[in-house]
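Submitted below is the structure of interest, expressed as structure tokens.
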């Protein structure tokens, strides 16, 4: 009924024959409104859950000392005990940090996300964070907004390209509403989720981001998410320290990525019911909260303390590693929550410790530790997500000062360079890569991955026996009008491949026409492809080996050739896909 009414009302708008960009803009604004209220609902869900568990909605640091130690252990475990079955039986997409799920949906399923994911994520992430899980609300918010955008796209039966754009609109709306940062929300959706900045895609994403931010500001005011100190570059000598900070943060980012991955692997290998693992993770986290209450929930209170120079240097250093461990346990065990806020937390502590150190030795030419903490927040986000533009802009929007741009650019780019050099995948894509899913940003790569060899290959195969004379090989190349001949043995199995290049040197010598046979000139180290492989893999094999043709062989028998794939056919199919996209 709701679907019918929704589509009927929008059909009236369609009837005015609006320009497609105007129509898409209106839909983007609707997604921005729903995404903004989704973020609002999620924040209230976290507060309500925290009140149910602790009878207090304030920062955990303000009342941690009033709680008996056994509650600090038991309540996070209880939260995990509720979240486990909720995710396992409700929507398993809500497990862990939600951004990889959205990226997978955009790249491999044209942006289709089940409508129930938004509701389950609100409940599961709200309980995880409210009960003490050491994760952020940004990942779930992105997943909630993306689910809203996907659901609207499905209701409107949007084509694949527009469906992906609507998912990006939802992601931008969620992040923008959370941080009160419309530019960062739009850039995150374009840089991380969609992987493109085309006008047709970016315009509706911006509209959704601005709309959601407007709603957030209406209810929470135009305030940044953190207490931001006044940033000032004390001297030009500080530009000698920020590159060092960028390298250090890059290494910490790498440690964070590796620890989260290892934690997920360890919990996956654990022999116990999947829906009970979050309870075990909550129990382990609760033991940590007894000593380090700072790692409770999103940790914004501790970030503010770091930014305002209120944490001792030894606490700053300790919390870097404790937070990495706490977040890895929460995410790895199956709790629902994001890694964006933990990245900000770890960056603030790393930068705070580094700033305290350099200020201690060079007090006249360096700023307070809070300035370095602020810059390192962006650098660690850049290092873990491999999204330096988003990281720079979000810190710039939070501070509203231009002086921070140069230090931000230096540290963010160096941090990203360090992590990408040592590990190809970000904290988002590494989760997918370990499942065998390779996510390469960009629409073009998505097209090539979506096409299978069986969709492009020809089943016409020209074969020659191993003992065929050179003169007959030349005649075969002429009459069959092919560039390659497939050499087979007496059993009909592929044993080599012959191109004109292979026989050119033999043709230059006279009298070899009946002396040289196929096996003398054939290339026996044959690169093959199977029907189920995708076209991107095929092109990679062609490019790496400098060839333009691949024999297609059976899945179970790599020596039985059943077709051929050439580069020209691949490019023709790709060009048609590009034309269809433009028409769409």
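Name every residue in segment 438-461 that is surrounded by 15 or more Cβ atoms within 10 Å (Cβ to Cβ) and modelled with pLDDT of 75 or more, in order of residue number.
Selection gives 451, 452, 453, 454, 456, 457, 461.
Could you tell me whether segment 102-125 includes any residue that is closer than 25 Å to residue 391 by Cα, buried (at least 24 other Cβ atoms within 10 Å of the Cβ) and touching a strand residue (DSSP E or B) at 6+ places or on another chain (Cβ under 8 Å)?
Yes, the conditions are met somewhere in segment 102-125.
Are any residues in segment 463-490 within 24 Å of residue 559 (Cβ to Cβ) and part of a loop (DSSP other than H, G, I, E, B), and if so, which ones?
Across segment 463-490, the qualifying residues are 466, 467, 468, 482, 483, 489, 490.
Does segment 319-335 contain at least one residue that is surrounded by 20 or more Cβ atoms within 10 Å (Cβ to Cβ), within 14 Å of residue 376 (Cβ to Cβ), modelled with pLDDT under 90 and more than 20 Å from the chain's Cα centre (by Cα)?
Within segment 319-335, not a single residue is surrounded by 20 or more Cβ atoms within 10 Å (Cβ to Cβ), within 14 Å of residue 376 (Cβ to Cβ), modelled with pLDDT under 90 and more than 20 Å from the chain's Cα centre (by Cα).
Another question, then. Examine segment 63-82 for a residue that is crowded, with 20+ Cβ neighbours inside 10 Å, in contact with a helix residue (DSSP H, G or I) (Cβ under 7 Å, 6 or more places away or on another chain) and at pLDDT below 85, and state whether such a residue exists.
no
Here's another thing I want to ask about it. Can you tell me which of 391, 371 is touching a residue at least 12 places away in the same chain (Cβ under 8 Å), in the same structural domain as residue 241 (by TED's automatic domain parsing) and within 16 Å of residue 193 (Cβ to Cβ)?
On the way: 371 fails: within 16 Å of residue 193 (Cβ to Cβ).
When all the criteria are applied, what remains is 391.
While we're here: If residue 512 meets every condition in (1) more than 15 Å from residue 468 (Cα to Cα); (2) at pLDDT below 75 apart from one, which number is that one?
(1)
Related question: I'm trying to understand the selection: among the residues of segment 126-139, which are over 15 Å from the mean Cα position of the chain (by Cα) and surrounded by 24 or more Cβ atoms within 10 Å (Cβ to Cβ)?
Within segment 126-139, 126, 127, 128, 129, 131, 132, 133, 134, 135, 136, 137 meet the criteria.
Of the residues 297, 282, only one is crowded, with 18+ Cβ neighbours inside 10 Å and assigned to a helix (DSSP H, G or I); which?
Working: 297 fails: assigned to a helix (DSSP H, G or I).
Testing whether each residue is crowded, with 18+ Cβ neighbours inside 10 Å and assigned to a helix (DSSP H, G or I) leaves just 282.
Yes or no: segment 394-406 includes at least one residue that is under 30 Å from residue 265 (Cα atoms), within 21 Å of the chain's Cα centre (by Cα) and either in the same structural domain as residue 75 (by TED's automatic domain parsing) or buried (at least 21 other Cβ atoms within 10 Å of the Cβ) (or both).
no
Rundown of residues vs (1) assigned to a helix (DSSP H, G or I); (2) touching a strand residue (DSSP E or B) at 6+ places or on another chain (Cβ under 6 Å); (3) under 30 Å from residue 369 (Cα atoms); (4) not assigned by TED's automatic domain parsing to the domain that holds residue 135, yes/no style:
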site: 227; (1), (2), (3), (4): no, no, yes, yes
site: 246; (1), (2), (3), (4): yes, no, yes, yes
site: 251; (1), (2), (3), (4): yes, no, yes, yes
site: 271; (1), (2), (3), (4): no, no, no, yes
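Also, quick follow-up: Looking at segment 368-409 only, could you name the residues that are under 18 Å from residue 227 (Cα atoms), outside any helix (DSSP H, G or I) and touching a helix residue (DSSP H, G or I) at 6+ places or on another chain (Cβ under 7 Å)?
The answer is 368, and nothing else.
Something else: For the condition in a helix (DSSP H, G or I) and without any contact (Cβ under 8 Å) to a residue 24 or more places away in the chain, what is the one hit in 176, 171, 158, 190?
The match here is 190.
Shifting gears a bit: Can you tell me how many residues in segment 490-506 are touching a residue at least 24 places away in the same chain (Cβ under 8 Å) and surrounded by fewer than 16 Cβ atoms within 10 Å (Cβ to Cβ)?
Result for segment 490-506: 3.
Please identify the pairs in which a residue from segment 462-485 that is within 14 Å of residue 515 (Cβ to Cβ) has its Cβ atom under 8 Å from the Cβ atom of a residue that is part of a strand (DSSP E or B), counting only partners at least 6 apart or on another chain.
From segment 462-485, the pairs are 467/517; 468/517; 469/517; 470/517; 472/464; 473/464; 473/485; 473/498.
Just wondering, is there one or more residues in segment 279-289 that are out of contact with any strand residue (DSSP E or B) (no Cβ under 7 Å at 6 or more places or on another chain) and closer than 21 Å to residue 428 by Cα?
Yes.
The values are calculated or read from the model by the stated rules, or taken from the named source; none is laboratory data. Quick caveat, the model's predicted, so the values are computed rather than measured. Neighbour counts are summed over all protein chains in view; Cβ atoms, including those assigned to glycine, are modelled from backbone coordinates with ideal geometry.
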